[in-house]
Structure formats: C-alpha cells, structure tokens
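Enquirer: Below you will find the structure I want to go over with you.
The values are calculated or read from the model by the stated rules, or taken from the named source; none is laboratory data. From a predicted model like this one, the values you see are computed outputs, not experimental measurements. Note that each Cβ is placed from the backbone with ideal geometry, even for glycine, and that neighbours are counted across all protein chains shown.
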Amino acid sequence: MGSVGAGAESWPSGFFESLVAHVDAAVICTDLAGALLYCNPTAERLYGIPAFEAIGRQSADLLGVEVSQKTRAEIGAALARGEVWDGDVSVTRPDGTTLILRTKDAGLYDTSGVLTGVVSIAIDVTERRRTEDELRASDARRNAMLEAGLDGIVSIDHQGLITEFNPAAEAMFGYTRSDVLGREMAEIIVPPALQSAHRAGLRRYLETGRGELLGQRIEISAVDRAGREFPVELAITRIDLPGPPSFMGSLRDISARRATEQALLDSREHFVHLARTLQSSLLPPVLPEVPGFDVAVGYRPAGEGDEVGGDFYDLFETAQGDWAVVIGDVQGKGAEAAALTALVRYTVRAAAMRADRPSTILRIVNDAILHQRVDRLCTVAYARLRSSSDDRVTATLSVGGHPLPLHARRDGDVRPAGRLGTLLGALADIALDDCDVELEPGDSLVLYTDGVTDARAAADQFGEDRLVALISRMASQSVTASELATGIEAAVAEFDDGRHRDDMAVVVLQRSNHPFG
Amino acid sequence: MTESFSVRVDRGDAVTTVTLTGEIDLTTRAAIDEAVAEALAEPRAPRLVVDLRAVTFIDSSGLSAAIVVPARAAEDAGLDFKVMSGPGATRALEVSGLDRFVQHDEID
C-alpha cells in the first residue's frame, strides 16, 4: 500500500472526485470478481468504453486487456501481499486500435485489511514505447553496421579519445576495442608525423567550428600496432548529438588499390620502355663518323612514346667504301610496323653489300616486302655518297614514294634532289631512278619524313614550301648540321603546338671543308 | 579531323566508282576497306574507278586503302583500274609514285 502522502488526514471535500475526474491517467476500480465498479473519464477515453455501459460488467471482457495467465497470477500474488503491481499491458479497443498502457494495480482493503477490490491506474505509453522501439532498432542497425561493416569505424570524443572501435578497425589496426577505448586516437592510429596536425585540426574545430576534413573523403596514412604505415581512405563526420562534439571516422585500407595502381603504372612504364627499346633498336644507337661530313638527326615519335613509330633512318659504310644514308617511313605503328621496319632496314644494309646502284637496292627491298606478304607500304629515300679522287662528292639518290631530300647550298639555294619513284611493298612493277647531285663544301643534304611536311595546325599544313623557306634561311646563315636538324624540329613543334600526331625524322648531312674519305 | 570524310560506292554496268571526300588517313581506313570490298563484289563492272577529286588530305594509310588495295585486287580480277585525282591528292600521288593510275582524260 505504501505511503499516501503528507496531509492525507485532512483531504478537502471534493478532492477525490476532482482528482479522478481530471487526472491524465485511466482509473478503474473492480471488485474481486472482476466486475467494474468505477471508471474515470480518461479510462473511458483510453479503453474506448462509455462508463454507463461498463459499470457492473466484467472488466476482462470489456476492456480488451490482454494479460497472460502468468501476469494475472503475479498481479494476484502482489495484491495478496499488499503490494502494488506495475507493468505494461496491451489493450485492444473496440475500434481495433491497440494501446500500450503502463499500469499500476493496487488493492482495495477493508478496515480489517482484507482485499476487496482492485484499483487500476494506467497511462498511455504507446507513443513512448514506439519511440523506444525505434531507437532500439536504430541502435541495433548501427551496431550491426559497426560489427559487420567492412570499413573500420573509429569514433572519438571532443578530447580525441576513442569511444568506438569496430571489429573492422580491430582487424585493420591490430588492437582490440578494449585496448583502445578511452585512449587518444592520435597516439594509436595516426602516424607520428601527422599527430600534431591531427591535434591542431581537432583543436581548431572546437574553437572555430570549422573543420576542413569534415564530410570529405581523403586519402591519408594510418599506422597499425606493428608500426606499419599504410594508405587509408578516410571520411570524418560529426556525430549529431547534443553536448561537446564527437566524431566518427570511417576508414578503408587502400593498400591493395594503391598496389594495383602502382602495378598499372609500372606495366605502362614497362610498355613504354619496351616500345622505346624496340624503337631504338630500329635506329642506329650512335651515329657513325662520316668522313668529310657533319651529320645530325632529329627524331620524334608520335603520341606519348608508348608506340613504336614507323619512321626510321640509317647511316652506314657500304662494301664499296661509300657511305649510305637512308630514311624511311613504314605505314602504321606498333609491332607489325616495327617488324617491317626491321626487315627494310636490314634488307637495305644487306642489299648495299652486293648491289651498288641505289635503285637496285630499293628494288631488292620492294621484292623482300612483297615476298613477306605484309600488307603494308614503305617509303624510302636512299642516298649514296661517293667521293672521287679530285675531292668531288657525289650523292646518288633513289627515292621510292618518299618526299625528295632537299639539297641546300651555302647561299640559301634549296632544291629537291632526286626524282620521285614508287613506294615500296605495293606493286611488283615500280618506277625508280638514280639521280646524281654534286655536294660542295658547306652544302647540306636534308632527308626527312612526311611527319615534317604533314604537321598540322588547324586546317593548315606545315608543307614543303615552308620547309624549303626555313632551310634556305638557315643555310644562308651558315648554320651547322645540328643547328639545321634542331631548327627544323623546333619549327614543326611550334607549328603543330607539340601535338605530333605522326612520327617525324630528319637527317642532315653537311659537307665539311675537310677532305672526304 | 575526319568529320568531313565520306565514302560512296556507285555500281554501274560499265564502271564501279568509289568516291572519297575529305581527309583520308588511318582513322578512315576501315570504311574505305569496306567500300572497296563492296565495289569488288560480284557481279561487277569491268572497270573500277577511285575518285579522289574531293579529297582534301591523304596520307600513306589512305593511299594504301584507296589505291594500293583496289589496284592489286583489280589486277588479280583482271579489271581496269583508274584513279581520278584532285588538288588534295595530287601531291601525295606524285610522291608515292602511284600517279601512274591517274586517269588524265575526263570520263563521264
């Protein structure tokens, strides 16, 4: 029964009536047989039963109260002991809706202490229970996420002390949750080099409310128990709770991703390296000294350097003691182009050991390509340099489908040398000539591929006229072979703004004033 | 770069014409190969003409696809093969030595 409160001896008249009529709790009174003796307005409302219908009827039938046998026994036992029973009961109202009522059942006793009836006082906790259930469910979800999530979750309070450390974080860092709860996160998982920055960031946020990292996904280093530093992706959010700010960090170990990225990068570098190696195997590693000449080359592969281009050049001494300079352009790029380039280059060299006439050498090359049945074309310009006893130097040129080399004199006169012939690898019957050009001391012979003249700027093409004008201007200024080659390269690069969609090769031979041979 | 490119095949009883327009390079090669194959499909005219008069640029890949491939095929099949050249192709044809296929008298 307990205390009835101070002042209970002198309750003013009408107090009980007013209390039960207006209290925001359902009050009902039943006799021991369960017949309803009284029900207040709140009870009428909560149970959905008008009092005039209810009085005298069995409350169990009437009120829709669902109470198990066990609970009923508990209530009986409590009342028999003179105690109050309390608990939540579910009530189904006549309209079918259900309420949860937090109920206190107290006994009514006569003057000799014998139990005569029951007073039941109930308040509606349906809404509160629903909120509690939702909170529990969201807690359960949150816990499930923490428990089973693939991302490490580390929460800290405003002092930077760890308040949460989920199993994924345990696996990632090698600590158990109990190892680290309450310890400063900076000490545990932040690499020493970043600790002061971390602390400063937290302090700044607490002072200014501004956090640069909040809501962002960043890549940063973390350190595990063994001291291994590894890259993580980190997203920090502020936990939305009253009181001092706390934060949740979601961490993902990206070592594997980084390793994959690195492997990709390595394999690309490896590929570029292969392409460059292959390319350089198709070009003379070192330019030989050609007696009586200064030689310079310019070479620029198309694109990013990861493909083998089709342009090549070669410079070698023939069996007859002449010198041969070759420039060529194999159609296409890549491994097949490289294979044909190798075929052409070595066939030229082999042919030059047994044949003397440049056109004969190019015909041998043509036959070799046709014989290989590669469906690719090749253009070649071949010049044989021969000195005579009277110190004259004659270049004999044969040109198969290639732009004609340019002969530049010291006075700036520039003209094409040789005659146009058929490209190689296309047809069995080809037209090729041998043309002689006399090279005076200071004269230059410029061999180039169409990467020079085909260089584009918008709708404009670098073109042969521009090249001739450029060489003429440089030749009249007595430039060296190397200045000529780099001058042409630079002019083309400036013209097409470095886009170089095609390979480009330039070989310059400048007759020096020293005797030849 | 190749937005101006187009290729058309006109099959007649006496002559099949492949007409190319715009810039001809590696990127247009597949389309030209296809057109040439279509032009050579049976039954075919005894004469094959590649019309380059509206070409603005042609590189070595283009020459290969537009001239060398059909020239070889025409030779194998015993067809007469001619090229109609224009300002954008003349220089490339001269340099490559493929100008021997150029038809100098106008045909209709």
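Enquirer: Need a quick list: strands (runs of 3 or more DSSP E) entirely within the range A:93-188 having at least 3 residues that are among the aliphatic types (A, V, I, L, M) and buried (at least 16 other Cβ atoms within 10 Å of the Cβ).
Expert: By residue number, A:98-109, A:115-124, A:152-156.
Enquirer: Just need a number here: residues in the range A:418-444 that are surrounded by fewer than 24 Cβ atoms within 10 Å (Cβ to Cβ) and among the aliphatic types (A, V, I, L, M).
Expert: Result for the range A:418-444: 6.
Enquirer: State whether the residues of the range A:412-420 include one that is on the phi > 0 side of the Ramachandran plot and more than 14 Å from chain B (Cβ to nearest Cβ).
Expert: yes
Enquirer: Does any residue of the range A:491-498 turn out to be in contact with a His (Cβ under 8 Å, 6 or more places away or on another chain), touching a residue at least 60 places away in the same chain (Cβ under 8 Å) and not in a helix (DSSP H, G or I)?
Expert: The answer is no; no qualifying residue exists.
Enquirer: Output the helices (runs of 4 or more DSSP H) that fall wholly within the range B:19-108 and possess 1 or more residues being closer than 17 Å to B:ARG8 by Cβ and within 14 Å of another protein chain (Cβ to nearest Cβ), or say none.
Expert: B:29-40, B:60-63, B:69-77
Enquirer: Identify all residues within the range B:65-108 that are in contact with a strand residue (DSSP E or B) (Cβ under 6 Å, 6 or more places away or on another chain) and polar (S, T, N, Q); write none if there are none.
Expert: Answer for the range B:65-108, where residues must be in contact with a strand residue (DSSP E or B) (Cβ under 6 Å, 6 or more places away or on another chain) and polar (S, T, N, Q): B:SER85, B:GLN103.
Enquirer: Here's a follow-up. Of A:ARG466, A:ARG456, A:ARG501, which residue is in contact with a strand residue (DSSP E or B) (Cβ under 8 Å, 6 or more places away or on another chain) and either of a type in the set (D, E, K, R) or at pLDDT below 90 (or both)?
Expert: Result of the check over A:ARG466, A:ARG456, A:ARG501: A:ARG501.
Enquirer: Just checking, which of A:ILE49, A:ILE28 is out of contact with any Asp or Glu (no Cβ under 8 Å at 6 or more places or on another chain), of a type in the set (Val, Ile, Thr), in contact (Cβ under 8 Å) with a residue 12 or more places away in the chain and in a loop (DSSP other than H, G, I, E, B)?
Expert: So the residue among A:ILE49, A:ILE28 that is out of contact with any Asp or Glu (no Cβ under 8 Å at 6 or more places or on another chain), of a type in the set (Val, Ile, Thr), in contact (Cβ under 8 Å) with a residue 12 or more places away in the chain and in a loop (DSSP other than H, G, I, E, B) is A:ILE49.
Enquirer: Also, quick follow-up: Need at least 1 residues that are touching a His at 6+ places or on another chain (Cβ under 9 Å) and polar (S, T, N, Q) per element, so show me which strands (runs of 3 or more DSSP E) inside the range A:193-255 make the cut, counting only ones lying wholly within it.
Expert: Result: A:246-253.
Enquirer: A further question on this structure: Looking for something touching a Pro at 6+ places or on another chain (Cβ under 8 Å), among the polar types (S, T, N, Q) and within 14 Å of chain B (Cβ to nearest Cβ) - is there at least one such residue anywhere in the range A:449-468?
Expert: yes
Enquirer: I'd like to know if the range A:318-332 contains one or more residues that are at pLDDT below 90, closer than 26 Å to B:ALA71 by Cβ and part of a loop (DSSP other than H, G, I, E, B).
Expert: Yes, that holds for at least one residue.
Enquirer: Which condition number does A:PRO288 fail, the rest of (1) touching a strand residue (DSSP E or B) at 6+ places or on another chain (Cβ under 8 Å); (2) assigned to a helix (DSSP H, G or I) being met?
Expert: (2)
Enquirer: Then there's this: In contact with a Pro (Cβ under 7 Å, 6 or more places away or on another chain), under 18 Å from A:ALA417 (Cβ atoms) and away from chain B (no Cβ under 12 Å) - does that describe any residue in the range A:500-517?
Expert: Within the range A:500-517, one or more residues are in contact with a Pro (Cβ under 7 Å, 6 or more places away or on another chain), under 18 Å from A:ALA417 (Cβ atoms) and away from chain B (no Cβ under 12 Å).
Enquirer: Scan A:ALA144, A:ALA122 and give me the residue that is free of Cβ contacts under 8 Å to residues at least 60 places away in the same chain and over 21 Å from A:ALA222 (Cα atoms).
Expert: Numbers: A:ALA122 fails: free of Cβ contacts under 8 Å to residues at least 60 places away in the same chain.
When all the criteria are applied, what remains is A:ALA144.
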